[in-house]
Amino acid sequence: MNGMAGVLRRGEMRDVMEKYVRPEKNPGTACSGCGLRLAHRKVLEAIDELGLGLGDVVWGTGIGCSGRQTFVTWKGDTFAGTHGRVYAMATGLRLALPPEKRLILTVGDGDAFTIGFLHLLNCARRNVDMTVVVFDNLGYQSTGGQYGVTTPLGSRTDSSPYGAWEPNWTQGGFDVLRILKEAGATFLARHTVLQGHEPVESLKRAIRNRGLSLVQLIYPCVTHYGAQALGTRDLAKIYDWFRDRTVESIDADSSDSFTTGIFHDAVGSRPEFAASMREFVASVQKEGNHG
Amino acid sequence: MKRTFDTGNAAITEGAILAGCRLFSGYPITPATEIAENMSRRLPQVGGFYLQAEDENAALHICNGGSIGGLKAMTATSGPGFILFADPFGWAVSSEIPVVIVNSQRVGPVSGITGAPGQGEFYFSRYLTHGGNYETIVLAPNSVQEAFCLTVRAFYLAERFRTPVTVLADQMVTDGWETLIIPETDEEFRGMGLESVPRRIHPGPEFYPASDAIDIPPVVLGHNTGAACSDWTPTDRGHDTEDVTWQHKHAWRLIHKIRNHRELIDESETWFLEDDPEIILVAYGTPSRVVQSAVRAARKEGLKVGGIRPISLWPFQDALFSRKASYLTVELNWDGQLVREVQRAAAPGSSVHFWGRCGELPSVRELLAAVRRLKEGKALERDGWRTEAW
């Protein structure tokens, strides 16, 4: 299959963009050839296929490429958090919002898996109803290309000029999604944006879940990861590298590949935090003053 | 009226609940832990949420999140937690979101002494986040009853100004036991000079106008207003921009919505200022209680002494120091903080001096001795410190 044809269905892109994205923020801030727009579009497609309208979703963003691409793009209610703390903010917001509102956060791999990981783990522990979509560009690209915890080992970046050697959370037997599973998340999936509709299906399942969902969407960065680690800004070559590295199995060996699919589906298996909080408060009020 | 005997921690809890606080998030820390404990018991009784956070940074972010969902929210901490607020405090300042922060100051820096009073965050409470370009409101109680009243006031000002408001207490105020009077009806509430405004909802999607206007409802998400809430430099649509013109408008609004409404914020107590004082003692928080006694004792000795207690610390009340005099600040720190601001504000020709200690209060006797030395033109000394250098 020609990967380009699979991802750039422009008519469709315009449709969900026109429906949900503020016109002045379309096409957004991403570099030419960046996979972010595809990632952004996958989320919008999932929302669209679920039949959700502007009033059904509150959209939050983090910092970095993903934050700048998606911040205040949603025509409905939207907010931007501080770097790595949007999970804590969303926890407070979740307590205030009506339960039926879907809370979607689009963040980067640095935001979710490093600076914000403590807060994300605690959201998983509590099973707070939110969908975290991690737009993973394999490192810190908005600051010019430094390695992160999803950067493949050996990658040359501006902060790993001899090749990234620090253990990461995607190779060597580690998987960041396993940590989140152990912490209590109820839906976890990983895809690349070059995969056709599978990411959209996972996103739909994630958004429907009344609990902590996280979908890791790996996408190609042309300007930094491509140029620095892959030695090319040629879109076709970069996309080929991504496709060659993608395995359509979540259980496969991840030492040289992006393992993709649904990692953990425990939808409905645990009480949701805000609902439990409301039940608890109601029970205290019903039983009277314990003062 | 309900008359009780309780701690400052309990007073702050009851003040917050009466002001409409329905979300508290915090992390246990001496000496503010009892605020969290009291909240965990009281909030569910009134339909509110108590949420113990993974750290103080998360705690204030959780409060911010609750606030943009429409809940009045508060957190409480002490120095080592206060430092972790830089990030969410800045977010609330720039996003213009009401939230209340309590800091019970202890001895620092860092862990210092947990269960003793300090006053090391006078400037830090003003500059709690990076980048400047904002003004902030800080209130400083010196009693259990005032801790109650100023907590109510903090919520009131936070709503009207769409900004975080800090209650800067100290360990003795929050741990101390005193008589506490709590109003039980609206009439009693108003009779005590207390005010409250409910949360209103910004109609959106336009962002706040480029003006110093207050009483504009803050952004609340979830009402399909198309509201955008963010700490990025906003345009009138709430979008981020790298344009310095919009940044200037934003900074001007953040600074002047507060500075141009000082009459709603400024609060102080003074002693013998109209009786020709030559020496004026200055203190906030618990040390001001000793200062008040020392000023009275000095007057009995025939010394021309007065006293100033700023109740609202920030914006700083320069006008209180318009009299030419010899000022002596009494602070619970060894490095001298309030003294620097007094020196800046004092009338030309004034001399400004510092008497500091940390972890324990001065005695009236010690302050009187300092006053006499000042009167005699002698240098001040403090425990083991050869001069008052600051």
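The values are calculated or read from the model by the stated rules, or taken from the named source; none is laboratory data. Remember, it's a predicted structure, so these values are computed and weren't measured experimentally. With ideal geometry, Cβ positions are generated from the backbone for all residues, glycine too; neighbour counts draw on all protein chains shown. The area values use the complete protein model at the heavy-atom level, side chains included, leaving out ligands, DNA and RNA. Shrake-Rupley method; radii C 1.70, N 1.55, O 1.52, S 1.80 Å.
Quick notes on this structure:
- Only one of the numbered conditions (1) assigned to a loop (DSSP other than H, G, I, E, B); (2) over 17 Å from B:Y156 (Cα atoms) is not met by B:I201, and that is (2).
- The residue that is nearest to A:F242 (Cα to Cα), counting only those in segment A:1-32 that are at pLDDT 80 or above and open to solvent by less than 20 Å² (accessible area, probe 1.4 Å), is A:A30.
- Scan of segment A:165-188 for residues that are without any contact (Cβ under 8 Å) to a residue 60 or more places away in the chain and open to solvent by less than 10 Å² (accessible area, probe 1.4 Å), ordered by number: A:N168
- Test for B:A370: is it surrounded by 20 or more Cβ atoms within 10 Å (Cβ to Cβ) and over 27 Å from the mean Cα position of the chain (by Cα): yes
- Positions within segment B:144-175 being of a type outside the set (A, V, I, L, M, F, W, C), open to solvent by 20 Å² or more (accessible area, probe 1.4 Å) and more than 22 Å from B:P98 (Cβ to Cβ), in sequence order: B:Q145, B:Q171, B:D175
- Cβ-Cβ under 8 Å pairs, at least 6 apart or on other chains, segment B:105-126 side open to solvent by less than 20 Å² (accessible area, probe 1.4 Å), far side of a type in the set (K, R): B:A116/B:R106; B:P117/B:R106; B:G118/B:R106
- Hits in segment B:227-259 - residues which are part of a loop (DSSP other than H, G, I, E, B) and either open to solvent by 10 Å² or more (accessible area, probe 1.4 Å) or touching a Phe, Trp or Tyr at 6+ places or on another chain (Cβ under 7 Å) (or both): B:S230, B:D231, B:W232, B:T233, B:T235, B:D236, B:R237, B:G238, B:H239, B:T241, B:E242, B:D243
- Qualifying residue in segment A:214-224 (condition: open to solvent by 10 Å² or more (accessible area, probe 1.4 Å) and either under 15 Å from A:V267 (Cβ atoms) or in contact with a Phe, Trp or Tyr (Cβ under 9 Å, 6 or more places away or on another chain) (or both)): yes
- Selection count, segment A:85-116, where residues are open to solvent by 10 Å² or more (accessible area, probe 1.4 Å), part of a helix (DSSP H, G or I), in contact (Cβ under 8 Å) with a residue 12 or more places away in the chain and within 11 Å of another protein chain (Cβ to nearest Cβ): 1
- Answer residue from segment A:54-84, given it is among the hydrophobic types (A, V, I, L, M, F, W, C) and more than 9 Å from chain B (Cβ to nearest Cβ) and is surrounded by the most Cβ atoms within 10 Å (Cβ to Cβ) among those: A:C65
- Of all residues in segment A:275-290 being open to solvent by less than 50 Å² (accessible area, probe 1.4 Å) and facing chain B (nearest Cβ under 9 Å), the one that is modelled with the lowest pLDDT: A:G288
- If only residues of segment B:220-247 that are modelled with pLDDT of 95 or more and within 29 Å of the chain's Cα centre (by Cα) are counted, the one that is farthest from the other protein chains (Cβ to nearest Cβ) is B:V220.
- Each residue in segment B:6-51 was checked for being within 21 Å of B:A158 (Cβ to Cβ), more than 13 Å from chain A (Cβ to nearest Cβ) and assigned to a helix (DSSP H, G or I), and 9 of them qualify.
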